[in-house]
Amino acid sequence: MIDDQTEVFVLTGAGISAESGIATFRDANGLWENHRVEAVASPEGFAADPAVVWRFYAQRRAQALTVAPNPAHRALAELEARLGDRLFLCTQNVDGLHEAAGSTRVTHMHGELMKTRCSVCDRPPFDDTRHDFAELPRCACGALQRPHIVWFGEVPFELHTIKRRVQRAAVFVCVGSSGVVYPAAGLVGEMTYRRQMGEPVRSVYVGLERPANADEFDEVVLGKAGEVLPAWLAAQAG
Ligand code: NAD
């Protein structure tokens, strides 16, 4: 039951956006839209060939401008409207579809596709929908700009706040995440620990198949997020 006192933590992964037409990469044998993940999503890949990396993210931006949120994103926006700040929505996705569905408080632990920052200096990230570069974008300091994305080997954003909010949630819901990318995949372990300590907390996974960390969840609901999540949330309404 999720009543008007319940604190809820929701973690979303690439699977929630699959029905909107954005490819997950686990489903493509480690390739992400035909690219080796390390080549386009690591600091080493950017250092080796920034043009390939920018081309990849420019394509992702162009694609993201054509897709729309699905019922799973909308169900979470409706949950925020009901719970307000008692919902903490943390996404591993960079696509912006939660905001497009109406969510206003979204923590982007892996960054945002439509933002850019300097690869060297500390000028803040800025909104950027450019996806057709004549040449590689540069900062006023002269260094290359890069997508505001957390790549493999980099530390996710907002980890302190994320851990604090998992520690006070009564219900943890994970949607469409294969459970192999850490530290996100380890967050449910906090709920397991608290349950073992006698706290009345519970966790549920919603997605197409059992994730690698399925044993950590109290409940696993299999199915497409756009079909299963709205129904599951409706059944929890107190
Ligand atoms: P993942 O690609 O590793 O796993 C996706 C999971 O979603 C799989 O377990 C799959 O079974 C499930 N799934 C597929 N279709 C589904 C559907 N219709 N409904 C519910 N579940 C479905 O994703 P991840 O665990 O989020 O890790 C991938 C990393 O790649 C993340 O860190 C993320 O930043 C990045 N990424 C982001 C996007 C995006 O922004 N949309 C897309 C691809 C990858």
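The values are calculated or read from the model by the stated rules, or taken from the named source; none is laboratory data. Because the structure is a prediction, the values reported are computed rather than measured. All Cβ positions, even for glycine, are placed from backbone atoms using ideal geometry, and neighbour counts span all protein chains on display. To get the accessible areas, we keep the full protein, side chains included, count just its heavy atoms, and leave off ligands, DNA and RNA. Shrake-Rupley method; radii C 1.70, N 1.55, O 1.52, S 1.80 Å.
Observations
- Residue under evaluation Pro71, criteria (1) away from the ligand (no atom under 16 Å from the Cβ); (2) open to solvent by 30 Å² or more (accessible area, probe 1.4 Å); (3) closer than 16 Å to Leu229 by Cβ, criterion not met: (1)
- Checked against (1) surrounded by fewer than 18 Cβ atoms within 10 Å (Cβ to Cβ); (2) within 23 Å of Val228 (Cβ to Cβ); (3) in contact with a strand residue (DSSP E or B) (Cβ under 9 Å, 6 or more places away or on another chain), Pro125 passes all but condition (2).
- Taken together, Val175, Val180 contain a single residue that is of a type outside the set (Gly, Ala, Ser) and crowded, with 16+ Cβ neighbours inside 10 Å, which is Val175.
- From the list Ala77, Ala48, Ala72, the lone residue that is over 27 Å from Phe126 (Cβ atoms) and modelled with pLDDT of 95 or more is Ala72.
- Residue within the stretch 148-169 that is crowded, with 22+ Cβ neighbours inside 10 Å, within 16 Å of the ligand (Cβ to nearest atom), outside the structural domain of Phe46 (by TED's automatic domain parsing) and outside any strand (DSSP E or B) present: no
- Picking from residues in the stretch 95-110 that are touching a residue at least 24 places away in the same chain (Cβ under 8 Å) and assigned to a strand (DSSP E or B), the one that is farthest from Phe46 (Cα to Cα) is Thr107.
- Filtered residues of the stretch 111-147 (kept if among the charged types (D, E, K, R), touching a residue at least 12 places away in the same chain (Cβ under 8 Å) and part of a strand (DSSP E or B)): Glu112, Lys115, Arg117, Asp127, Arg146
- Exactly one residue out of Ala23, Ala47 is open to solvent by 30 Å² or more (accessible area, probe 1.4 Å) and in a loop (DSSP other than H, G, I, E, B), and it is Ala23.
- Number of residues in the stretch 205-227 that are among the hydrophobic types (A, V, I, L, M, F, W, C), surrounded by fewer than 18 Cβ atoms within 10 Å (Cβ to Cβ) and touching a strand residue (DSSP E or B) at 6+ places or on another chain (Cβ under 8 Å) equals 5.
- For the stretch 77-88, the count of residues that are open to solvent by 10 Å² or more (accessible area, probe 1.4 Å), not charged (D, E, K, R) and not in a helix (DSSP H, G or I) is at least one.
- Cys118, sole failed condition from (1) away from the ligand (no atom under 16 Å from the Cβ); (2) within 19 Å of Cys90 (Cβ to Cβ): (2)
- Ala231 being out of contact with any Lys or Arg (no Cβ under 8 Å at 6 or more places or on another chain), in the same structural domain as Phe88 (by TED's automatic domain parsing), within 12 Å of the ligand (Cβ to nearest atom) and modelled with pLDDT of 95 or more: no
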